[in-house]
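Where a number appears in this text, it was derived from the coordinates with a stated rule and is not lab data. The structure presented is a predicted model; accordingly, all values stated were derived computationally and were not measured. Here Cβ is always computed from backbone atoms with ideal geometry, including for glycine, and neighbour counts include all displayed protein chains.
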Amino acid sequence: MRQMNSLDDYLREAEIAHGHLCAGQVLGVRMAMAGLARLAISDPRGADRKRLVTYVEIDRCATDAIAVVTGCRLGKRALKFRDWGKMAATFVDLESGKAIRVAAKESSKELARRLHPEIATKNQQQMRAYRELPDDDLFSFQEVRVEVGPEELPGYKGERIVCDQCGEGINFRREIVRNGQVLCQGCAGKSYYTV
Ligand SMILES: [Zn+2]
Ligand SMILES: [Zn+2]
């Protein structure tokens, strides 16, 4: 079995994928590594790649870093976005059914300031401290259960249904049936745009 990459390996990759290295990247890499370690998933992008689904609760720098470490991507349906604005992610082992939610502690920012008062900028302070602080100073961990339905899984093959109103195709059972009509989310009134 391949060994899990080191923090530095992942940070180098994250920097390339994200365009810059920042405190959020360091936190994201650490968060994913800590979550995977607790699930005993050591080769998330190789032998274990079909075992893992990751739910992220924020769309920031850390999210890109989490995708790098886990190999979970939106386009593979292995990365699920829940727009909660929270620096947290849940790692789900489909094989064992175990899931671990990892949330960044609010106190980690203050710890970073205290650990490196000699560093002038907050981002630099945090970048250094987030490398050095132990997992339990950075994160809280929670064993949780996540029901991942068959239509949520990577590789789900279901029939495509056509919306009775707009005629566009709908995948993955996202249709809404109302008064005998099959509607897409937009036509059912959940649109995020107006025309
Ligand atoms: Zn960034
Ligand atoms: Zn429609």
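What to note about this one:
Condition check ((1) out of contact with any Asp or Glu (no Cβ under 8 Å at 6 or more places or on another chain); (2) exposed (fewer than 13 other Cβ atoms within 10 Å of the Cβ)) across all residues:
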residue	(1), (2)
Leu111	no, no
Gln126	yes, no
Tyr130	yes, no
Pro134	yes, yes
Arg173	no, no
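- Leading residue by the ranking (surrounded by the most Cβ atoms within 10 Å (Cβ to Cβ)) among those in the range 6-55 that are among the acidic types (Asp, Glu) and either over 24 Å from Gln125 (Cβ atoms) or touching a helix residue (DSSP H, G or I) at 6+ places or on another chain (Cβ under 8 Å) (or both): Asp48
- Qualifying residue in the range 175-192 (condition: more than 13 Å from ligand 2 (Cβ to nearest atom), on the phi > 0 side of the Ramachandran plot and in a loop (DSSP other than H, G, I, E, B)): yes
- Any hit, the range 65-72, residues being polar (S, T, N, Q), crowded, with 16+ Cβ neighbours inside 10 Å, within 16 Å of ligand 1 (Cβ to nearest atom) and within 19 Å of Glu13 (Cα to Cα): no
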